[in-house]
C-alpha cells in the first residue's frame, strides 16, 4: 500500500453502523476507508467498452448501477475518475472483478452478507476500438453489505 486513510496498521479496526458510518477505536468516524497501492496483477482490456470521453459520466452511471452501486457510491466513484477521463477522445473501460479480487485479498470480520467489489481498468484511446462487451451484474444486497470500488489507469 502506498497511501491509506485512516492509517492502516496491519489492518483497520472499525465498527460499521447500519447507515454505513465507520467508527474506529478512538471514536473517530469515517464515511469510507481509503487505500492505494501497487500490484503485479495483469489487467485484461480485451473485453469491455470503448466510450467517448464526453459520454463517460453517463456510461459510468449506467454501468455502476448494473454493478450494484448505490447512487451515493456511484457518485463518489464518478467524481474520483471522471476528471481523468472526460476530456479523452475515447476511454477503453473494463471491469476486472476476478483479476482484482484474486490480487487484492480482503478479510472482513464478521463476514458480510453481501460483498460488492468494483474495480475498473481503463485506458485513453485516440480512436474508437471495437471490443466484445462485458456483461455487468451484481449480487442482490442483503443484510450487512460491504462495497469496495477502485480502479487503475493503464498507460
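Every read-out reported here was derived from the displayed coordinates using simple, explicitly stated rules and does not represent laboratory data. What you see is a predicted model, and the numbers here were worked out from it, not measured in a lab. Using ideal geometry, Cβ is built from the backbone for each residue, glycine included, and neighbour counts are taken over all protein chains shown.
Report, in degrees rounded to the nearest 10, the 0 to 90 angle that the Cα long axis of helix 71-85 makes with the longest principal axis of the chain.
50 degrees
Under 10 Å, Cα contacts only: if you run a Gaussian network model on the chain, which one of 91, 142, 109 comes out with the highest mean-square fluctuation?
Its mean-square fluctuation being the largest, the pick is 109.
Angle, helix 56-66 long axis vs. longest principal axis of the chain, Cα atoms, 0 to 90°, nearest 10?
50 degrees
For each of 141, 42, count neighbouring Cβ atoms within 10 Å of the residue's Cβ, then give the residues from fewest to most.
The most exposed by this proxy come first: 42, 141.
If you rank 60, 106 by fewest surrounding Cβ atoms within 10 Å, what's the result?
By the 10 Å Cβ count, ascending, the order reads 106, 60.
Can you tell me which of 68, 143, 19 moves the most in a GNM of the chain? Springs connect C-alpha atoms under 10 Å apart.
Comparing 68, 143, 19 in the GNM, the peak value goes to 19.
Calculate the length of the line joining the C-alpha centroid of segment 1-51 to that of segment 71-117, in whole Å.
11 Å
Most mobile of 80, 32, 40 per a Gaussian network model of the chain (Cα springs, under 10 Å)?
40
At a 10 Å Cβ-Cβ cut-off, how would you order 129, 99, 92, fewest neighbours first?
Sorted ascending by nearby Cβ count, the order is 129, 99, 92.
For Cα pairs less than 8 Å apart in space and 6+ apart in sequence, what is the mean separation divided by the residue count of the chain, i.e. the relative contact order in percent?
25 percent
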